[in-house]
Amino acid sequence: MLIDKKIERQTLTLSLKGELDLKTSESLRQAIDTEIDRRGIRTVILNLHDVTFVDSSGLGVILGRYKRLLPLGGKILIKQVPPHIYKIMELSGLPKIISFENESSDEGRTGNVQ
Amino acid sequence: MKKNKLALTFSSIAENVSIARMLIASIAAQLDLSLNDIEELKVVVSEAVSNAIIHGYQNDPNKLVILEIEYDTEALQISVRDQGCGIPDVEQAMQPAYSTDPERMGLGFVFMQSFMDELNVDSVVNQGTTITMVKDLNKNHASLH
């Protein structure tokens with residue numbers, strides 16, 4: 001999985017590409033936790049446009065970062081989720097806890113996202 | 001179609017989870033399953049194999065996981081076996097959101113139950129766990145969750 005990282009003030013934006021599973025979710029965890037610890041990041045934006053697979057290892061890391069940020073007054077925002085990935089997330093109940101954002105500029109690829 | 005059987009034995013390392021997924025995806029594509037079904041099968045294999053590595057073998061990379069796939073026109077059966085620590089209380093482990101690790105969501109069995117028609121967990125403490133899942137193929141792409 002490729003992780004493209006952008007930091008602006010206290011906001012970390014990560015664009016992910018590839019599969020988010022047991023192998024790759026650990027590097028996502030480290031990428032986020034390092035910035036929370038080092039730079040006091042409080043908002044994490046995950047762009048999942050190019051994610052092709054997710055399972056409970058990936059979802060667990062996202063939920064884990066939400067739980068880390070919450071007591072720090074931070075938040076996590078998920079953007080541009082492909083429909084088949086959103087289905088898995090929906091079954092997990094994650095959208096009830098974490099904010100999802102659809103972007104109209106995305107030509108309907110995330111059309112199923114609320 | 002004749003019955004076809006495949007078995008893959010691999011080291012209990014995270015890199016092999018995606019290889020296990022590729023195998024089930026190729027078989028599902030040959031069976032002409034829908035893209036949605038293929039996605040779901042990839043998730044269940046991923047969950048079962050990850051469970052074997054993380055829980056069965058407690059991340060010991062020197063153990064072996066066995067993935068067996070068997071199918072005909074009627075059904076597709078997937079089994080994932082480890083010879084690890086076993087699950088003391090299978091019923092508890094299958095509860096939604098039950099997890100021994102706070103970073104994980106305890107969702108593995110939820111996905112396996114949702115996406116497959118049968119799920120059987122056979123586990124003996126200190127001997128290992130076998131997860132067997134069956135997808136009924138006669139429903140003909142009916143699985144539009």
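Does A:Lys96 meet the test of being of a type in the set (Lys, Arg) and within 22 Å of A:Glu8 (Cα to Cα)? In short, no.
Mind checking whether some residue in the range A:27-43 is within 14 Å of the chain's Cα centre (by Cα), not in a helix (DSSP H, G or I) and not basic (Lys, Arg)? Among the residues of the range A:27-43, at least one is within 14 Å of the chain's Cα centre (by Cα), not in a helix (DSSP H, G or I) and not basic (Lys, Arg), which makes the answer yes.
Looking only at residues in the range B:11-41 that are surrounded by fewer than 17 Cβ atoms within 10 Å (Cβ to Cβ), without any contact (Cβ under 8 Å) to a residue 60 or more places away in the chain and at the interface with chain A (Cβ under 9 Å from one of its Cβ atoms), the one that is nearest to B:Gly56 (Cα to Cα) is B:Glu15.
So that you can scan it fast, the table gives a plain yes or no per residue for (1) touching an Asp or Glu at 6+ places or on another chain (Cβ under 9 Å); (2) of a type outside the set (D, E, K, R):
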site: A:Leu2; (1), (2): yes, yes
site: A:Lys6; (1), (2): no, no
site: A:Thr11; (1), (2): no, yes
site: A:Leu22; (1), (2): yes, yes
site: A:Ser25; (1), (2): yes, yes
site: A:Leu28; (1), (2): no, yes
site: A:Ile41; (1), (2): yes, yes
site: A:Asp50; (1), (2): no, no
site: A:Ser56; (1), (2): yes, yes
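Of all residues in the range B:59-83, those that are at pLDDT below 95 and hydrophobic (A, V, I, L, M, F, W, C) total 0.
Within the range B:49-69, which residues are over 20 Å from B:Lys3 (Cα atoms) and either surrounded by fewer than 18 Cβ atoms within 10 Å (Cβ to Cβ) or at the interface with chain A (Cβ under 10 Å from one of its Cβ atoms) (or both)? Residues satisfying the conditions are B:Val49, B:Ser50, B:Asn51, B:Ile53, B:Ile54, B:Gln58, B:Asn59, B:Asp60, B:Pro61, B:Asn62, B:Leu64. Looking across B:Ser18, B:Ser46, one residue alone is of a type in the set (S, T, N, Q), closer than 19 Å to A:Gly60 by Cβ and within 10 Å of the chain's Cα centre (by Cα). It is B:Ser46.
For residues in the range A:70-99 being farther than 16 Å from B:Glu47 by Cβ, within 13 Å of the chain's Cα centre (by Cα) and within 14 Å of chain B (Cβ to nearest Cβ), which is surrounded by the most Cβ atoms within 10 Å (Cβ to Cβ)? Top of the filtered list is A:Val81.
A quick yes/no check of all residues on (1) closer than 30 Å to B:Arg21 by Cα; (2) at pLDDT 95 or above; (3) out of contact with any Cys (no Cβ under 7 Å at 6 or more places or on another chain):
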| residue | (1), (2), (3) |
| --- | --- |
| A:Lys6 | no, yes, yes |
| A:Leu16 | yes, yes, yes |
| A:Asp21 | yes, yes, yes |
| A:Gln30 | yes, yes, yes |
| A:Arg39 | no, no, yes |
| A:Thr43 | no, yes, yes |
| A:His49 | yes, yes, yes |
| A:Gly60 | yes, no, yes |
| A:Gln80 | yes, yes, yes |
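Residue selection: B:Leu41 fails the criterion of being hydrophobic (A, V, I, L, M, F, W, C) and in a strand (DSSP E or B).
Tell me whether the range A:51-62 contains one or more residues that are more than 29 Å from B:Asn59 (Cα to Cα), more than 10 Å from chain B (Cβ to nearest Cβ) and not charged (D, E, K, R). Scanning the range A:51-62 turns up no residue that is more than 29 Å from B:Asn59 (Cα to Cα), more than 10 Å from chain B (Cβ to nearest Cβ) and not charged (D, E, K, R). Here A:Leu16 does not qualify as under 20 Å from B:Glu39 (Cβ atoms) and either of a type outside the set (A, V, I, L, M) or within 14 Å of chain B (Cβ to nearest Cβ) (or both). Per the conditions (1) modelled with pLDDT under 95; (2) out of contact with any Phe, Trp or Tyr (no Cβ under 7 Å at 6 or more places or on another chain), the sole criterion not satisfied by B:Gln92 is (2). Just one residue in the set A:Leu59, A:Leu91 is under 19 Å from B:Asp37 (Cβ atoms), in contact with a helix residue (DSSP H, G or I) (Cβ under 7 Å, 6 or more places away or on another chain) and either in a helix (DSSP H, G or I) or of a type outside the set (A, V, I, L, M) (or both); that residue is A:Leu91. Taken over the range A:19-50, residues that are charged (D, E, K, R), away from every other protein chain (no Cβ under 12 Å) and crowded, with 24+ Cβ neighbours inside 10 Å amount to 0.
The values are calculated or read from the model by the stated rules, or taken from the named source; none is laboratory data. As the structure is a prediction and not an experimental result, all values here were calculated from the model. Methodologically, a virtual Cβ is constructed for each residue, glycine included, from the backbone with ideal geometry; neighbour enumeration extends over all protein chains shown.
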